[in-house]
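Participant: Please see the structure below; I have some questions.
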Amino acid sequence: MLLSDGILRSHAFLAAPGGRDLRGIADLVLAELPALAQALHENRPLRLGPASEAWDLIRPPAVPEESECWMIPLAAASEVMGALVLFGSREGVLSPEELDVLEVLAGQLAISLVNARLFGEIRAHAAQLEVRVAARTEELHAAKERTEAILRSVGVPVLVLDLRGELLLVN
């Protein structure tokens, strides 16, 4: 789930072979889920279950009521941009070692998201720069044509030299 304007929205889904469809996760408004908001703010995993606040909001319809969920923040450079969300039906779903691995994975996912965002910004800036270069090139071409037209219309010889004495323009 990715964070935007205080709302976690689902963007990608993966279920174990034969697993349940997880596409029913609703958008989560952090203002309505203070424990989740605090965990994301502190960049720490959060374990949720049936006794948790707003469990019915978090649990997709296909996930049994007695399941539990881990939400692992996606953070890079102290910016939390979402959460990796895992549902499971066994008690304790994740061992501490598994949680450590998933935190590293979440960090790598966050870095990938930052890189994708930066790549998009670079492409947008490159496109803007291309437009500006094309406009400036057109301005220079028009100025050159005006200068040449003026020189052609002058009845007396005109020589333009640079500071080294090299000929630049002549009519």
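The values are calculated or read from the model by the stated rules, or taken from the named source; none is laboratory data. This structure is a prediction, so every number in the text was calculated from the model and none was measured. Cβ: placed from backbone, ideal geometry, glycine included. Neighbour counts: every protein chain shown. Calculation scope for accessible area: heavy atoms of the full protein, side chains included, ligands and nucleic acids excluded. Shrake-Rupley method; radii C 1.70, N 1.55, O 1.52, S 1.80 Å.
Participant: Filtering region 123-171 down to residues that are among the hydroxyl-bearing types (Ser, Thr, Tyr) and over 42 Å from the mean Cα position of the chain (by Cα), which residue is most open to solvent (accessible area, probe 1.4 Å)?
Facilitator: Looking at residues that are among the hydroxyl-bearing types (Ser, Thr, Tyr) and over 42 Å from the mean Cα position of the chain (by Cα), I get 153.
Participant: Of the numbered conditions (1) surrounded by fewer than 16 Cβ atoms within 10 Å (Cβ to Cβ); (2) at pLDDT below 80, residue 25 fails exactly one; give the number of that condition.
Facilitator: (1)
Participant: Search region 81-99 for residues being modelled with pLDDT of 90 or more and open to solvent by less than 90 Å² (accessible area, probe 1.4 Å), and hand back the single one that is farthest from residue 57 (Cα to Cα).
Facilitator: Checking each candidate, the answer is 81.
Participant: Consider residue 57 carefully, then state whether it is surrounded by 10 or more Cβ atoms within 10 Å (Cβ to Cβ), among the hydrophobic types (A, V, I, L, M, F, W, C), touching a strand residue (DSSP E or B) at 6+ places or on another chain (Cβ under 6 Å) and touching a residue at least 24 places away in the same chain (Cβ under 8 Å). Even if it seems obvious, please write down each step before you answer.
Facilitator: On the way: surrounded by 10 or more Cβ atoms within 10 Å (Cβ to Cβ): yes; among the hydrophobic types (A, V, I, L, M, F, W, C): yes; touching a strand residue (DSSP E or B) at 6+ places or on another chain (Cβ under 6 Å): no; touching a residue at least 24 places away in the same chain (Cβ under 8 Å): yes.
The answer is no for residue 57.
Participant: Cβ contacts < 9 Å: first residue in a loop (DSSP other than H, G, I, E, B), restricted to region 71-97; second residue among the small types (Gly, Ala, Ser) and modelled with pLDDT of 90 or more, any location; separation 6+ or different chain. Result?
Facilitator: Once the first residue is in a loop (DSSP other than H, G, I, E, B) and sits in region 71-97, its partners that are among the small types (Gly, Ala, Ser) and modelled with pLDDT of 90 or more give 77/110.
Participant: Filter region 34-67 down to residues that are of a type in the set (S, T, N, Q) and in a loop (DSSP other than H, G, I, E, B) and give me whichever is farthest from residue 105 (Cα to Cα).
Facilitator: Applying the filter and picking the extreme gives 52.
Participant: I've got another one for you. Looking at (1) free of Cβ contacts under 8 Å to residues at least 12 places away in the same chain; (2) over 30 Å from residue 1 (Cα atoms); (3) part of a helix (DSSP H, G or I); (4) among the hydrophobic types (A, V, I, L, M, F, W, C), which one does residue 156 not meet, given that it meets all the others?
Facilitator: Failing condition for residue 156: (3).
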